[in-house]
Amino acid sequence: MALQYYLILSALLFTIGVIGVLIRRNAIIIFMCIELMLNAANLAFVAIGRELGDASGQIFVFFVMTVAAAEVAIGLAIIVSVFRHRETINIDEINTMKG
Amino acid sequence: MAEQILFTVFGILAVGSAICVITFKNPIHSALALVLTFFSLAGLFVSLGAYFVAAVQVIVYAGAIMVLFLFVIMLLNLGRLQTPRQISKAKVFAVILGIVLAAEAIYIGLKVYEGTAVSPAQRGSEVGAVITSEQLNQIAAIESAYRLDRSEINSDYVPQITSQKSNVDTLSADEADRLIKKLQGEMGNPDRIGTILFTKFLLPFEVTSLILLAALIGVIVLVKRETPNSAA
């Protein structure tokens, strides 16, 4: 299977993630879409790494996963504390910092 | 052939479940669709020969991270917070923007492919009786990337390609091609991944632990409830 198909698939998954971030108003779903985008990037890393015969692509996926795990922990903590104060996680209602 | 089947099945499953993630109304259904996406991505990693990454994908993403998501959704009882769906101007604009982005990303992907792919005609003219210098360079690149030794390749991998020979330099171009394929197939091997991770990428690996520590402290600070008598 050629590299181009994996890159197209990766591009599609990334775009679905971007559209999700733009159209959804629920902060948790937006978070999930960010995870989707990170995974699309991981797929591109592994596919290109195989094409070039270099395992660094796979190593980078581990670092992306670690950062994603840290990001999820922090992000969900922020969502939980926002929910405690506001009783909502709809991002249209959390707009105090709006310029 | 097996790779094509894996790619088609898991590719369609990944895109389909990703669309479900952004269209389902209930956050719990979205989270479960995302688990399916992660599983199909693990399948795609298997089709790419990255077996260890596939296993970690299932354990870390589909296991730990998604459990955290579901836990928070259920903790906050978000199922009742569904907003009625209306198609606003912003959503239409977002989808158009997404299509443009997809077109650009696919275009760039195809450009990258053109840059790395060796055309069959070019490859065909090089297949000869003796291993070519380009193939030797490729093997040398794999050696440095995987921390392999030429003697290791000679004793462990060359006999797997052909039983008569035990030296890379005596291989024919065709056999060398198979040897390179074989070596690249070893890429997802936990043995190789671990070797690279703890030699070439040791410093980034240690820095990663700092990120995790920072996340740990950050979460405790963020979620800690200030009780009236804690100030005293």
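The values are calculated or read from the model by the stated rules, or taken from the named source; none is laboratory data. Just so you know, these numbers come straight off a predicted model, no measurement behind them. Neighbour counts run over all protein chains shown; Cβ positions are idealised from the backbone, glycine included. What goes into the accessible areas is simple: the full protein's heavy atoms, side chains included, and nothing from ligands, DNA or RNA. Shrake-Rupley method; radii C 1.70, N 1.55, O 1.52, S 1.80 Å.
Peptides B:199-209, A:39-49, ordered by how many other C-beta atoms sit within 10 Å of their residues on average, highest first, read A:39-49, B:199-209. Accessible surface for the protein assembly as shown, divided over its residues, is 51 Å² per residue with a 1.4 Å probe.
Could you tell me which of rounded, prolate or oblate describes segment B:2-82, using a ≥ b ≥ c as the square roots of the eigenvalues of the alpha-carbon gyration tensor, with rounded for a/c under 1.5 and, failing that, prolate when a/b is larger than b/c and oblate otherwise? Since a/c reaches 1.5 but b/c is at least a/b, the shape of segment B:2-82 is classed as oblate.
Partners of B:K224 within straight-line reach, counting lysines whose Cα lies under 28 Å from its Cα and excluding those fewer than 8 residues away in the same chain: A:K98. Across segment A:25-86, the relative contact order, built from alpha-carbon pairs under 8 Å that are at least six residues apart, equals 35 percent.
In a fully extended conformation the segment linking B:Q164 and B:E134 would gain 8.5 nm over its present Cα-Cα distance, using 0.36 nm per residue. To make sure I understand the rule: partners must be aspartates and glutamates, Cα under 18 Å from the Cα of B:K89, and not fewer than 8 residues away in the same chain. Which ones qualify? In chain and number order, the partners are A:D92.
Summed over both chains, the area buried between B and A is near 6500 Å², taken from the accessible surface of protein heavy atoms with a 1.4 Å probe. Given +1 at the Cβ of Lys and Arg, -1 at the Cβ of Asp and Glu and no other charges, the dipole of the protein assembly as shown around its Cα centre is 1560 debye to the nearest 20.
Scalar couplings 3J(HN,Hα) for segment B:6-15, obtained by applying the Karplus form with A = 6.51, B = -1.76, C = 1.60 to θ = phi - 60°, are 4, 4, 4, 4, 6, x, 4, 4, 5, 5 Hz; x denotes Gly and Pro.
Assign unit charges at the C-beta atoms only (+1 for Lys and Arg, -1 for Asp and Glu), then state the dipole size of chain B relative to its Cα centre in Debye, rounded to the nearest 20.
Numbers: 17 positive and 17 negative charges, 286 e Å.
About 1380 debye.
Counting, for every residue in B:70-77, the Cβ atoms of other protein chains within 10 Å of its Cβ and taking the mean gives 4.
The mean count of C-beta atoms from other chains within 10 Å of the C-beta of residues in B:10-19, rounded to a whole number, is 4. Both the radius of gyration and Dmax for chain B are 24.8, 84 Å, in that order, over alpha-carbon atoms. Counted over the protein assembly as shown with a bin width of 10 Å, the fraction of Cα pairs per bin, in whole percents, is 5, 22, 28, 22, 13, 7, 3, 1, 0.
Is segment A:25-86 best put as rounded, prolate or oblate by its Cα gyration tensor, with a ≥ b ≥ c the root eigenvalues, rounded for a/c under 1.5, and otherwise prolate when a/b is larger than b/c, oblate when not?
oblate
Note on B:V100: accessible area is roughly 80 Å² with a 1.4 Å probe, heavy atoms of protein only. Between the beta carbons of B:K25 and B:L212, assuming R0 = 30 Å, the FRET efficiency works out to 0.30 to the nearest 0.05.
Between beta-carbons, use under 12 Å as the cut-off and find the net charge around B:I65, counting Lys and Arg +1, Asp and Glu -1. Computed value for this residue: -2.
Evaluating 6.51 cos²θ - 1.76 cosθ + 1.60 at θ = phi - 60° for every residue in segment B:173-182, the Karplus couplings come out as 4, 5, 5, 5, 4, 5, 4, 5, 4, 4 Hz, glycine and proline recorded as x. Apply the Karplus parameterisation 6.51 cos²θ - 1.76 cosθ + 1.60, with θ equal to phi minus 60°, to every residue of segment B:101-107 and state each ³J(HN,Hα) to the nearest whole Hz, in sequence, with x for glycine and proline. Result, ordered by residue: 4, 4, 4, 5, 5, 5, 4 Hz. Expressed as an acute angle from 0 to 90° and rounded to the nearest 10, what is the orientation of the C-alpha long axis of helix A:3-23 relative to the principal long axis of chain A? Here the helix axis deviates by roughly 10 degrees.
Given an 8 Å cut-off on Cα distances and at least 6 residues of separation, report the relative contact order of segment B:127-188 as a percent.
On the way: 53 pairs, mean separation 28.6, N = 62.
Normalised by residue count, the contact order of segment B:127-188 is 46 percent.
Averaged over the residues of peptide A:25-33, the number of Cβ atoms from other protein chains lying within 10 Å of each residue's Cβ is 6.
What is the calculated FRET efficiency for B:R225 to B:N189, with r their C-beta to C-beta distance and R₀ = 51 Å, to the nearest 0.05?
That pair, B:R225 with B:N189, gives E of 0.60.
Compared with the alpha-carbon gap, the fully stretched path from B:F198 to B:S155 is longer by 13.1 nm at 0.36 nm per residue. Helix-only arithmetic for the protein assembly as shown: the sum of -39500 (n - 2.57) across DSSP H runs with n ≥ 4, divided by the residue total, places the mean residue ellipticity at 222 nm at -23500 deg cm²/dmol. Listed by chain and number, the aspartates and glutamates placed with their C-alpha closer than 12 angstrom to that of B:K182 are B:D156; residues fewer than eight positions away on the same chain are left out. Among B:E104, B:E152, B:E134, which one moves the most in a GNM of chain B with springs linking Cα atoms closer than 10 Å? Top of the fluctuation ranking is B:E104.
Can you work out the FRET efficiency for the pair B:L110 and A:V67, with r the C-beta to C-beta distance and R0 = 22 Å, to the nearest 0.05?
Efficiency, rounded to the nearest 0.05: 0.20.
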